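Only one structure is covered here, and it is reproduced in the block below.
The values are calculated or read from the model by the stated rules, or taken from the named source; none is laboratory data. Bear in mind that the values here come from a model prediction, so they are computed numbers and not experimental data. When we count neighbours, we look across all protein chains shown, and the Cβ atoms used for this are built from the backbone with ideal geometry, even at glycine.
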Amino acid sequence: MKTTDHDLLERLAPLRELEPTDEEIAALLAQADELRAPRRAPRRPARAVALVAATAAVIGALAALPGGKDGAGPQDAHGILQAAAAVAAEQPAPTPYRYTRMLSRFVDGVRAGDERGRVTYEQTSENWTSDGFRGRTVAPRGTITWASPPSAALAAAGGDAAALVKAYDGDYRYGDGPLARVPFDALPEDPTALAALLEAAIRDGRWMLHRGERPRWAPGVVDELITRSAVTLLSMGNLTSGQRAALFQLLASRPGARPLGEATDAIGRRGVGVELAGLQVIIDPKTSDILQSREVLAPPPEKAPHFDGPHRPPWPPPVWLAERTEVFLSTGSVAALGDRPQ
């Protein structure tokens, strides 16, 4: 079977191989030579130009692959996300529930007078989600770790820390964000239509936890929420392969996406990274699953922002979120609540 331009481009997609071996590089160069080799059938000039361009693309792509000749890694976040979309489109159809086992890690900054501290909360949970984020979460008690032993004042300023990592077994623990009740079958498989639907639903609050809520978003927040909603759906949503592909294509179209090259998650798995609206996301190149998302937040400003309403919060705040990480330890599709992927 003859090698085509499409074959080469498929093999050189940014997410196909993280570290091409010498043998794989040699094979790809040999296939490029095959494209340059004379054919018995006469060629049109346009075809000859296309073959030269394909050969140049092979050499350039080899250099751009992680572990390639220049070791630079993929240079284009758009290409990484489009390749993830292609992988997602080939995944099996979902079963009734999506299963995720995840490690959640939150780091808070704490202030008491002139004292400063940092405290880390970690908890592992198992989650089963069906349509509308209905399902179940089971989480044993987590851990609380201060960067250094806190004073009594810092510990008091940190509040009831134990409540943040208490054991839980109940309805799926999504929270009160804009996707709390999203019907998955309403999500189109066209990225443009999907982006428009997410924006409209976020703005009018139709899927918020409290029905009838009409949020007033600050400038720029909706755009960030569209990106974060797409990452949430890819991580936890029980979606079709077409919907997952559309979400990656949506992310590829968002402004400001930045490639991070090869990346290693908190438990040592290797993938490719992109930064999206402040989220550092690591993608499994073989399955298109999200391995990890991480966000580092700036400390609160010294000057208090404007607040409306009679109850003005204390400023500077005694506690603020400094870092948030979600590591997806295991994912898959299962037939029933309580089942786990084989």
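If you go through the stretch 231-289 and keep only what is closer than 15 Å to Ala195 by Cβ and of a type in the set (Val, Ile, Thr), you end up with Val231, Thr232.
Find the residue count for the stretch 92-130, including only residues that are at negative phi and outside any strand (DSSP E or B). Count: 7.
The residues of the stretch 136-165 that are closer than 30 Å to Pro96 by Cα and either at pLDDT 95 or above or outside the structural domain of Ser330 (by TED's automatic domain parsing) (or both), listed by number, are Arg136, Thr137, Val138, Ala139, Pro140, Arg141, Gly142. Of all residues in the stretch 116-135 being among the hydrophobic types (A, V, I, L, M, F, W, C) and at pLDDT 95 or above, which is farthest from the chain's Cα centre (by Cα)? So, considering only residues that are among the hydrophobic types (A, V, I, L, M, F, W, C) and at pLDDT 95 or above, the one farthest from the chain's Cα centre (by Cα) is Val119.
Of the set (1) in contact with a strand residue (DSSP E or B) (Cβ under 6 Å, 6 or more places away or on another chain); (2) surrounded by 14 or more Cβ atoms within 10 Å (Cβ to Cβ); (3) within 22 Å of Trp320 (Cα to Cα), all apply to Pro178 but (1). Per the conditions (1) farther than 18 Å from Ala86 by Cα; (2) within 13 Å of the chain's Cα centre (by Cα); (3) assigned to a helix (DSSP H, G or I); (4) among the hydrophobic types (A, V, I, L, M, F, W, C), the sole criterion not satisfied by Ala252 is (1). For the stretch 297-306, the condition holds for at least one residue, the condition being that it is surrounded by 14 or more Cβ atoms within 10 Å (Cβ to Cβ), without any contact (Cβ under 8 Å) to a residue 60 or more places away in the chain and within 21 Å of Val107 (Cα to Cα). Looking at Thr95, Thr100, Thr124, just one residue is buried (at least 18 other Cβ atoms within 10 Å of the Cβ), within 20 Å of Gly237 (Cα to Cα) and of a type in the set (Val, Ile, Thr), and that residue is Thr100.
Of the listed requirements (1) part of a helix (DSSP H, G or I); (2) out of contact with any strand residue (DSSP E or B) (no Cβ under 7 Å at 6 or more places or on another chain); (3) under 25 Å from Ser104 (Cα atoms), Glu199 misses just one: (3).
Which residues, taken from the stretch 157-191, are of a type outside the set (D, E, K, R), assigned to a helix (DSSP H, G or I) and in contact (Cβ under 8 Å) with a residue 24 or more places away in the chain?
Answer for the stretch 157-191, where residues must be of a type outside the set (D, E, K, R), assigned to a helix (DSSP H, G or I) and in contact (Cβ under 8 Å) with a residue 24 or more places away in the chain: Ala157, Ala161, Leu164, Val165, Phe184, Pro191.
Has the stretch 313-334 got any residue that is more than 23 Å from Gly109 (Cα to Cα), surrounded by fewer than 17 Cβ atoms within 10 Å (Cβ to Cβ) and not hydroxyl-bearing (Ser, Thr, Tyr)? Scanning the stretch 313-334, I find no residue that is more than 23 Å from Gly109 (Cα to Cα), surrounded by fewer than 17 Cβ atoms within 10 Å (Cβ to Cβ) and not hydroxyl-bearing (Ser, Thr, Tyr), so the answer is no.
What residue, among those in the stretch 276-289 that are touching a strand residue (DSSP E or B) at 6+ places or on another chain (Cβ under 6 Å) and of a type in the set (A, V, I, L, M, F, W, C), is surrounded by the most Cβ atoms within 10 Å (Cβ to Cβ)? If we take residues in the stretch 276-289 being touching a strand residue (DSSP E or B) at 6+ places or on another chain (Cβ under 6 Å) and of a type in the set (A, V, I, L, M, F, W, C), then Val281 is surrounded by the most Cβ atoms within 10 Å (Cβ to Cβ).
Does Ser241 satisfy the criteria of being among the polar types (S, T, N, Q), under 30 Å from Gly332 (Cβ atoms) and in contact with a Pro (Cβ under 7 Å, 6 or more places away or on another chain)? Answer is no for this residue.
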